[in-house]
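To start, the structure under review is shown below, and the notes come after it.
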There are 2 protein chains.
Amino acid sequence: MKVRVVLDAMGGDFAPQEIIKGGVLAKKEYKKDLELLLVGDKPVIEEELKKRGADFKDFEIIHAPEIIEMADSPAKAVKRKKESSIVKGIELIKNNYADAFVSAGSTGAVVAGSVLNLGLLPGIMRPGIAILVPSLKGKTLIIDVGANIDPKPIHLLQYAVMGRAYYKLILGKDNVKIGILNIGEEETKGTEFLKETRLLLQKSDLNFIGNVEAKDIYSGKCEVVVCDGFAGNVALKVSEGFAEIMSKFLFENLRKGFLGKLGLLFIKEGLKNFKKIIDYSEYGGAPLLGVNGIVIISHGRSNAKAIKNAIKVAMTEVERNLNEKITQEIKNVRM
Amino acid sequence: MKVRVVLDAMGGDFAPQEIIKGGVLAKKEYKKDLELLLVGDKPVIEEELKKRGADFKDFEIIHAPEIIEMADSPAKAVKRKKESSIVKGIELIKNNYADAFVSAGSTGAVVAGSVLNLGLLPGIMRPGIAILVPSLKGKTLIIDVGANIDPKPIHLLQYAVMGRAYYKLILGKDNVKIGILNIGEEETKGTEFLKETRLLLQKSDLNFIGNVEAKDIYSGKCEVVVCDGFAGNVALKVSEGFAEIMSKFLFENLRKGFLGKLGLLFIKEGLKNFKKIIDYSEYGGAPLLGVNGIVIISHGRSNAKAIKNAIKVAMTEVERNLNEKITQEIKNVRM
């Protein structure tokens, strides 16, 4: 069975070039398993495909001339811009014309559009954006990194359940440990909201280890870290900024003097592997969990490789029936 | 004039050894300008000083046998453990027996003890912990990183004023730019609390540039970033965790193979400089701004160098009358 993935050709800082390039790469690599639909301004998409010498037969193009800008209010934009690539892309999922939607466009608009048009899975109260980051022990899933900046404790419990299901699905690990992002491990730490969340998770049958600190996201103390979307977003973006400054300082310092320059030649291979580990584009996209459809939100700065990997994540979620599993587990969790 | 600094000999993961070692280093380096008081368990302190061959005449020891543990509730602990190094250290400032207090012990206890015993500066409603981190353009000050996890908009306005005063005092820069930590730059982004804060800062006479994202802490878009203590703490600790994982992955990858090992030899000097830039211990401690006294909170994992640098920061704040300046500026700010 081929998975039908809709790719938002117009969303992202480097759209349409990098997005379409990513789509072409994905189609080349996952040929047998993938049917790719490109949604966006048809003439623009066709021109890009032509430039890359792609075979038009490999792609289905859905015309969507409107664009949702980053400055648009997400909720208003998805109601008004019915001809935008985000709204049309989500509609294709809703009408079962395709199986999954991948977009590097406005996160807010993708979330609002998905909730509005797809609705939520049975039992789910709020969607959450999950993201996998590297840790000293493997990978950590953070949920939520920006769908819901003012959640209630019950939402974080549901994030834990969804995060566990996703972690198992993608990384094949059972009984993953869950932690709450807090400013200290002690029970007394944090806001009232987090104290209530702690009590709720303690009562559940999740493998809950208590509060974890932000540094534990990378130390790998647990596999799934739940948090409100504001804190999660801060955690994610700080890492991005920090990675950038570290790379810059590192190279500046290494380049100084002859020995450093010579050394850089020798360590080229090692640095390349290192960059791969911390390169967000290796991880593709972040699934929007909890909505009634498979939706992947890619980083605004996604390059072709990130898009290709996001398409792969979308295919895996479809093939392994992620949403059925989430629905089942939400039904079974003790709340 | 000598500055009289009280050092909490018992606080921190590596206390008392590293703390006292840091005190000895500071005394050696700032001899003429520093009188150092060590507060803590007297026999323990004396033994450590003896081990290091330090001259007992160089230090005044204040006996404080009780220890506030990390698991203690901060507010209760400072009320009950009157003989702890934190409570006694703060009292020495309150009674004008010394000018500044440096502790790597429980942050919560230092904050609670300072507010309770020193009180706040005139006009200040809540204290905030400020920290300087490196940026692509120099340094960024983040305030608050954990004193106040549920602040009101007016508190963030006051953080901006205090942060500006501190930045000017330490780095000599006028008219620093202020930003609010948010999940996007647009006015529509963030919680109601942040939207109100934005309006308040817009009305003030601060050089306010609007919302900044967490990655901008390191890109250096503005010099002072204000936020609630929870978000600030997450930002800080994520960076710590990320720095650790990056170092580990980097070295692991560089060590692979003969060329990498050889290259590592050549780039040793560059790596050392790089590590210095991102090493928190270079920055010493984080000032607790807004309390009626000079209080520096050092990282729990402080080594001797971090303690020495924290003592230097304390001395600078005293010499340059930081708290007088804050009091003046708070009086003048348009609210």
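The values are calculated or read from the model by the stated rules, or taken from the named source; none is laboratory data. Remember, it's a predicted structure, so these values are computed and weren't measured experimentally. With ideal geometry, Cβ positions are generated from the backbone for all residues, glycine too; neighbour counts draw on all protein chains shown. The protein model used for the area step is the full one, side chains on, heavy atoms only, and it has no ligands, DNA or RNA in it. Shrake-Rupley method; radii C 1.70, N 1.55, O 1.52, S 1.80 Å.
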Hits in segment B:178-193 - residues which are more than 8 Å from every other protein chain (Cβ to nearest Cβ), touching a Cys at 6+ places or on another chain (Cβ under 9 Å) and either within 14 Å of A:Ile149 (Cα to Cα) or hydrophobic (A, V, I, L, M, F, W, C) (or both): B:Ile178, B:Ile180, B:Asn182
Which of the residues spanning segment A:244-288 are hydrophobic (A, V, I, L, M, F, W, C), facing another protein chain (nearest Cβ under 7 Å) and within 26 Å of B:Gly190 (Cα to Cα)? A:Ile245
Yes/no for B:Lys272 being more than 18 Å from the chain's Cα centre (by Cα) and open to solvent by 20 Å² or more (accessible area, probe 1.4 Å): yes
Given (1) modelled with pLDDT of 95 or more; (2) more than 9 Å from chain B (Cβ to nearest Cβ); (3) farther than 14 Å from A:Val133 by Cα; (4) open to solvent by less than 20 Å² (accessible area, probe 1.4 Å), identify the lone condition not met by A:Ser302. (1)
Within the bounds of segment A:282-289, is there any residue that is assigned to a helix (DSSP H, G or I) and open to solvent by 10 Å² or more (accessible area, probe 1.4 Å)? yes
Members of segment B:95-109 that are touching a residue at least 24 places away in the same chain (Cβ under 8 Å) and either assigned to a loop (DSSP other than H, G, I, E, B) or within 14 Å of chain A (Cβ to nearest Cβ) (or both): B:Tyr97, B:Ala98, B:Asp99, B:Ala104, B:Gly105, B:Ser106, B:Thr107, B:Gly108, B:Ala109
Residue within segment B:47-68 that is closer than 24 Å to A:Glu186 by Cβ and out of contact with any strand residue (DSSP E or B) (no Cβ under 8 Å at 6 or more places or on another chain) present: yes
Per-region count, segment B:87-104, residues open to solvent by 10 Å² or more (accessible area, probe 1.4 Å) and more than 25 Å from B:Lys331 (Cα to Cα): 5
Output the residues belonging to segment B:36-52 that are within 29 Å of B:Ala112 (Cα to Cα) and either touching a residue at least 60 places away in the same chain (Cβ under 8 Å) or open to solvent by less than 20 Å² (accessible area, probe 1.4 Å) (or both). B:Leu36, B:Leu37, B:Leu38, B:Val39, B:Gly40, B:Ile45, B:Glu48
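With the condition kept exactly as written, say whether any residue in segment A:239-248 is closer than 19 Å to A:Leu156 by Cα, surrounded by 15 or more Cβ atoms within 10 Å (Cβ to Cβ) and modelled with pLDDT of 80 or more.
Checked against the condition, which is being closer than 19 Å to A:Leu156 by Cα, surrounded by 15 or more Cβ atoms within 10 Å (Cβ to Cβ) and modelled with pLDDT of 80 or more, segment A:239-248 yields no hits at all.
For segment A:305-321, check the following and say yes or no: at least one residue is away from every other protein chain (no Cβ under 11 Å), on the phi < 0 side of the Ramachandran plot and outside any helix (DSSP H, G or I).
yes
Tally the residues that are among the basic types (Lys, Arg) and under 19 Å from B:Tyr283 (Cα atoms), restricting the search to segment B:1-27.
The number of residues fulfilling the criteria is 2.
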By residue number, the members of segment A:15-34 that are modelled with pLDDT of 95 or more and surrounded by fewer than 18 Cβ atoms within 10 Å (Cβ to Cβ) are A:Gln17, A:Leu25, A:Lys28, A:Glu29, A:Asp33
Subset of segment B:155-186 (residues that are touching a helix residue (DSSP H, G or I) at 6+ places or on another chain (Cβ under 7 Å) and open to solvent by 10 Å² or more (accessible area, probe 1.4 Å)): B:Leu169, B:Ile170, B:Lys173, B:Asp174, B:Ile183
Screening B:Lys27, B:Lys50, B:Lys21 for residues that are of a type in the set (Lys, Arg), assigned to a helix (DSSP H, G or I) and more than 17 Å from B:Ile307 (Cα to Cα) leaves only B:Lys50
Filter segment B:310-335 down to the residues that are without any contact (Cβ under 8 Å) to a residue 24 or more places away in the chain and open to solvent by 100 Å² or more (accessible area, probe 1.4 Å) and list them by number. B:Glu324, B:Asn332
From the residues in segment B:169-206 that are more than 25 Å from A:Pro74 (Cβ to Cβ) and free of Cβ contacts under 8 Å to residues at least 12 places away in the same chain, which one is nearest to the chain's Cα centre (by Cα)? B:Gly172
Would you confirm, using the coordinates I've provided, whether B:Met1 is part of a loop (DSSP other than H, G, I, E, B), closer than 18 Å to B:Thr316 by Cα and not acidic (Asp, Glu)? yes
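In segment B:53-77, how many residues are farther than 19 Å from B:Gly12 by Cα and either in contact (Cβ under 8 Å) with a residue 40 or more places away in the chain or open to solvent by 40 Å² or more (accessible area, probe 1.4 Å) (or both)?
First, pick out the residues of segment B:53-77 that are farther than 19 Å from B:Gly12 by Cα: B:53-60, B:76.
Of the ones still in play, those that are also either in contact (Cβ under 8 Å) with a residue 40 or more places away in the chain or open to solvent by 40 Å² or more (accessible area, probe 1.4 Å) (or both) are B:53, B:55-58, B:60, B:76.
Final tally of qualifying residues: 7.
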Search result, residues across segment A:197-229 that are crowded, with 21+ Cβ neighbours inside 10 Å, more than 9 Å from every other protein chain (Cβ to nearest Cβ) and in contact with a Cys (Cβ under 8 Å, 6 or more places away or on another chain): A:Val212
Exactly one condition in (1) under 19 Å from B:Asn323 (Cα atoms); (2) open to solvent by 20 Å² or more (accessible area, probe 1.4 Å) is not met by B:Gly113; state its number. (2)
